[in-house]
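First the structure, in the form of structure tokens, and then the observations on it.
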Amino acid sequence: MKQLKYIIIVFVLLFVQQTFEAQTLKRKGLLGIMMQNMTDSIAAQLNSTVKSGVHITTVMPNTTFANLGVKQDDVLTKLNGLSVNTIQDVLAITTELYEGDYIEAEFYSKDLKKVKSTALLGRPIETFENGDVTYGEVIYKDNVLRSILVTPKHVKKAPVVYFLQGYTCGSVETVSNDNPMKKLMKDWVNAGFAVYRVEKPGVGDSQSKKHCSEISFDEELQAFKEGYKDLMQQESIDSSNIFMFGHSMGGVIAPLLNEVKAPKGMMVYGTVGKNWYDYMVDLYTVQPKHFGVSDAQIKEDNKVNLKFNNDFLIKKLSGEEMLKNDAYVEFFNAEDFKRNQYIGRHFMFWQSLAEVNIPNAWSKVKTNVFAMHGEFDIQAINPKGAKKIAEIVNKNGGKADFVLIKNADHGFVNFNSMQQNSETLGNGTYMTHARDNYTMLLGTESVKWMQSKIKK
């Protein structure tokens, strides 16, 4: 089984602004599209003579691309005079653009070439019915990161959740009320908890010398440490009742923040309890079974995958060195390897992560820990990771609880079975399913646990 292809989707909806504090950081631009890389098969489906570019699958109303006159099934070929052949090309150009900046698009509509320009619209602002949203800044060497603090209305000095996001370089702003992550945070805010987040370097409004896709794990960890320091200085929250919620890779970050200051408690969900190299072995040998891959095929694929794991994480070969192996060219994305990229992050991110002793980090955590696993979480594979975290913490002087969140997947979404989850991931209906199937039990369990730990 060859590596699954990851499609980046730019998908933003507009909402009315409620609260927005004065800021130095400029607002990043809003495209308002969903897109995919143009292929020969897509060109054939569209009956188009344009074979390269980016296929626009959806255009949101009242957005920049709507103002440009771009429509569904048009093919974008240039932005500001630069050719675009992949989604990454589009993002590389637009990541440097801000609200009000000039943008010119060359695109083909039913094979008719058009060139239009307009002013870039800014991204919408988050809103919470029962919370006030404050946009701030975290400033340290070579970085000004966007922070977002939501405080519950009519609550002074609220306890707070520091949300630690997963590995991707996507923004943690949650404008859409259909977003399961937004629904989880609403549950916390409605229960009287503040919620704090910090964008990664170069992501969202953040201005950084190096973008998230170019940094190491250690540099990412530093960003979260700086965010933690900023959070502890916020006057509107109760700094004696700080909880962390580590989602996925955020669950690796959480115990490493303990050296800054132990919080009141740490919650982790969909994360790993073993070192990253060992998790990657599981990713190749156990996870494919969730997608119906036979043991025989897994064994055959792992003649390449397990050697890749060793060359990549132990020997720390570069992308150029990897491409000398024809088997890797066959299995993986050669264009990504040329840029030292693997599933959206730089080689040095994964290679420095492999040096982190994750079990040892948890052995130093003496505070309260709530280790959660979704019953149908394909990415975290099985509950062994969360159970191991609880075991390590309890063995070394901390107090940890484990809970299995029934029916839940990795992204806080309910499914009837692991098979249903894998099918939606494979057929492109996951986002549609996610809108109406938020895992309410996750909000309920996390609120109940935090409330039990707060000093009365």
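Taking the options ASN340, ASN258, ASN302, name whichever one is within 30 Å of PHE193 (Cα to Cα) and either surrounded by fewer than 20 Cβ atoms within 10 Å (Cβ to Cβ) or assigned by TED's automatic domain parsing to the domain that holds GLY426 (or both).
After applying the criteria, what remains is ASN258.
Check whether at least one residue in region 374-384 is assigned to a helix (DSSP H, G or I) and surrounded by fewer than 22 Cβ atoms within 10 Å (Cβ to Cβ), and report yes or no.
yes
For region 152-171, give me each residue that is under 20 Å from ASN241 (Cα atoms) and in contact with a Phe, Trp or Tyr (Cβ under 9 Å, 6 or more places away or on another chain).
Residues satisfying the conditions are PRO152, LYS153, VAL155, ALA158, PRO159, VAL160, VAL161, TYR162, PHE163, LEU164.
Please tell me if ARG345 is among the basic types (Lys, Arg), under 19 Å from the mean Cα position of the chain (by Cα) and surrounded by fewer than 18 Cβ atoms within 10 Å (Cβ to Cβ).
When the stated conditions are applied, ARG345 does not pass them.
Of the residues that make up region 137-149, is at least one surrounded by 23 or more Cβ atoms within 10 Å (Cβ to Cβ), modelled with pLDDT of 95 or more, touching an Asp or Glu at 6+ places or on another chain (Cβ under 6 Å) and not polar (S, T, N, Q)?
Yes, region 137-149 has at least one match.
Which residues, counting only those in region 47-60, are assigned to a loop (DSSP other than H, G, I, E, B) and in contact (Cβ under 8 Å) with a residue 40 or more places away in the chain?
Passing the criteria: SER48, THR49, VAL50, GLY53, MET60.
Could you list, in sequence order, all residues of region 87-102 that are in a loop (DSSP other than H, G, I, E, B) and either acidic (Asp, Glu) or at pLDDT below 90 (or both)?
Scanning region 87-102 gives THR95, GLU96, LEU97, GLU99, ASP101.
Which of (1) buried (at least 17 other Cβ atoms within 10 Å of the Cβ); (2) within 26 Å of the chain's Cα centre (by Cα); (3) outside the structural domain of LEU164 (by TED's automatic domain parsing) is the odd one out, the single condition GLY265 does not satisfy?
Among (1) buried (at least 17 other Cβ atoms within 10 Å of the Cβ); (2) within 26 Å of the chain's Cα centre (by Cα); (3) outside the structural domain of LEU164 (by TED's automatic domain parsing), the lone unmet condition for GLY265 is (3).
Out of (1) in a helix (DSSP H, G or I); (2) at pLDDT 95 or above, the odd one out for ALA327 is which?
For ALA327, the failing item is (2).
Could you tell me whether any residue of region 299-318 is of a type in the set (Val, Ile, Thr), over 21 Å from the mean Cα position of the chain (by Cα) and modelled with pLDDT of 95 or more?
Within region 299-318 (the criterion being of a type in the set (Val, Ile, Thr), over 21 Å from the mean Cα position of the chain (by Cα) and modelled with pLDDT of 95 or more), the answer is yes, since at least one residue qualifies.
Restricted to region 89-128, and to residues that are over 23 Å from ALA44 (Cα atoms) and among the polar types (S, T, N, Q), which residue is nearest to the chain's Cα centre (by Cα)?
Out of the qualifying residues, it is THR95.
The values are calculated or read from the model by the stated rules, or taken from the named source; none is laboratory data. This one's a predicted model, so the numbers in the text were calculated from it and none came from an experiment. Cβ atoms come from the backbone with ideal geometry, glycine included; neighbour counts cover every protein chain shown.
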